[in-house]
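Values in this text are rule-based calculations from the coordinates and carry no lab data. Because the structure is predicted, anything quoted here is derived from the model rather than measured. Cβ coordinates were reconstructed from backbone atoms using ideal geometry, including for glycine residues, and neighbour counts include every protein chain displayed.
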Amino acid sequence: MTEKLDTTLAEVAALSLRIPIADPDPELLMPAGGGILPELPGALDDINAPIAVVIEYRIFAASKEEFLHLMRERRQLRRREGARRWSLSQDVSNAELRVERYVSANWTDSVRYRNRRTVEEARNSERMLALHGDVERPQIQFLIERNASQIDARWIAQSFD
C-alpha cells in the first residue's frame, strides 16, 4: 500500500513539472490608479468593522450575457484583493437592476483596495460601465456592518448623522 502511494505521489510530482502554470500578463497587474471613494463626514480609520460595498447597475436584456461574463471576472478580481462574501443579485420587480455586493475587512482595507486597482480591474470596470444603461454612473454605497450583539452605546456614538 505504501509503495503504491509513493508511486502515485511521484507520478503527481512528475506530472506537475510538465504542466506549466499560466503566468498572468504583468501589464495587467500594474497599478491603474484609484477608484471612486465617498467624501466622509468624519474619519472611519478608528472603526474596525467590516465595510459592505454595494454597487447598483442598470443592465438591459441585450447586454445580460456579456454583463454576467464580466461579473464572473469581477468576482475573481474582488476575491484576489481580499473581498469576502461576494454576491450578485437581481431586483425582482426591475429586471434591469443588478446589485453587486462584497465585504472588506474594514474601511482602511476598502481604501487600500480602491487605491491599488490594477490595469486588469480598470479594464473590467470600463467594460462594465459601457454596459451600464443609465446616464449616471452606477450607484455605490459603503455600509458599516454590525451584527445585533455589537450594537451598543459606543457604536451609536460612532455613527454619523
Subject >> Other-chain or far-sequence residues with amide H under 5 Å of residue 118's (modelled H) >> reply: 32
Subject >> Gyration tensor (alpha-carbon) shape descriptor, the stretch 48-161, a/c threshold 1.5 >> reply: prolate
Subject >> 5 angstrom amide H check on residue 106, placed H, neighbours 5+ away >> reply: 51
**OP:** Scan around residue 139 for amide H atoms under 5 Å from its own, H built in the peptide plane at 1.01 Å from N, and keep only partners 5 or more places away or cross-chain.
**Re:** 56
Subject >> Additional length obtainable on full extension of the chain from residue 144 to residue 89, 0.36 nm per residue less Cα span >> reply: 17.8 nm
Original post:
Under the Karplus relation 6.51 cos²θ - 1.76 cosθ + 1.60, θ = phi - 60°, what is the ordered set of whole-Hz ³J(HN,Hα) values for the stretch 61-72, x standing for Gly and Pro?
Top reply: 3, 5, 9, 4, 5, 5, 4, 5, 4, 5, 5, 5
Original post:
So, in nm, how far is label residue 77 from label residue 126 when the simple model puts each one 7 Å beyond its Cα toward the Cβ?
Top reply: 1.1 nm
**OP:** Estimate the FRET efficiency between residue 136 and residue 112 by the formula 1/(1 + (r/R0)^6), using the beta-carbon distance for r and 30 Å for R0, to the nearest 0.05.
**Re:** 0.65
